[in-house]
1. Rolling a 1.4 Å sphere over the protein heavy atoms, what is the accessible area per residue of the chain, to the nearest Å²?
2. Give me the percent of the accessible area of the chain that comes from carbon and sulfur atoms, probe 1.4 Å, all protein chains in place.
3. Report the antiparallel proportion of the DSSP beta bridges in the chain as a percent, rounded to a multiple of 5.
4. Is any residue of region 45-63 close enough, with backbone N under 17 Å, to a label point placed 7 angstrom from the Cα of residue 76 along the Cα-Cβ axis, and if so, which?
5. Pop out the ³J(HN,Hα) list for region 88-97 in order, Karplus 6.51 cos²θ - 1.76 cosθ + 1.60 with θ = phi - 60°, rounded to Hz; leave Gly and Pro as x.
6. Find which of 101, 114, 67 sits farthest along the positive direction of the dipole of the chain, computed with +1 on the beta-carbon of Lys and Arg, -1 on that of Asp and Glu, about the Cα centre.
7. For the chain, give the magnitude of the charge dipole about the Cα centre (Cβ charges: +1 Lys/Arg, -1 Asp/Glu; no others), in debye to the nearest 20.
8. Around residue 116, which amide H atoms from residues at least 5 apart in sequence, or from another chain, sit under 5 Å from its own amide H, with H modelled in the peptide plane?
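The values are calculated or read from the model by the stated rules, or taken from the named source; none is laboratory data. Because the structure is predicted, anything quoted here is derived from the model rather than measured. Positions of Cβ are backbone-derived with ideal geometry, glycine not excepted, and every protein chain shown enters the neighbour counts. When the accessible area is computed, the model is the full protein with side chains, heavy atoms only, and any ligands, DNA or RNA have been set aside. Shrake-Rupley method; radii C 1.70, N 1.55, O 1.52, S 1.80 Å.
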Amino acid sequence: MIESQLTQIDRHQRLYFSRAVAVSDMTATDAKFLDAVEAGDADAARDILTFHLLDIALGVIATQDPGHRFCTLPIAVRGQAIGLEGLDELGEGQRAQISWCGSPADVVRELQTTHLQVV
């Protein structure tokens, strides 16, 4: 079962990352993450990585299943003091919006990709 799931994840990732914009989004966010790690800014690194992981997940899902209905994800991230809105519009080419209940690191406020933006 695990092998089957890993194969499916691999297929979804290959499809998603075959798009140049996905690679560009990912590398731009990765660069900001690495800058935060090198600077020893743990809060910024955490917030950038949170954004990055959610962005990749949303991109893979939106690419594979444009009509996907997100039911549990908003609830799960709310438990981490994060708001996630606009998920139903992802299939229409819109961006979801992420917000932090507290104040995110300054560098996070400028993050925006094809599927996700900070508000």
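1. Ligands and nucleic acids excluded, the result is 60 Å² per residue.
2. That share works out to 54 percent.
3. Percentage antiparallel, nearest 5: 60.
4. 49-63
5. Working through the residues one at a time gives 5, 8, 4, x, 9, x, 8, 9, 7, 10 Hz.
6. 67
7. Using only the charged Cβ atoms, the result is roughly 300 debye.
8. For residue 116, whose amide H was placed from the backbone, the distant partners under 5 Å are 96.
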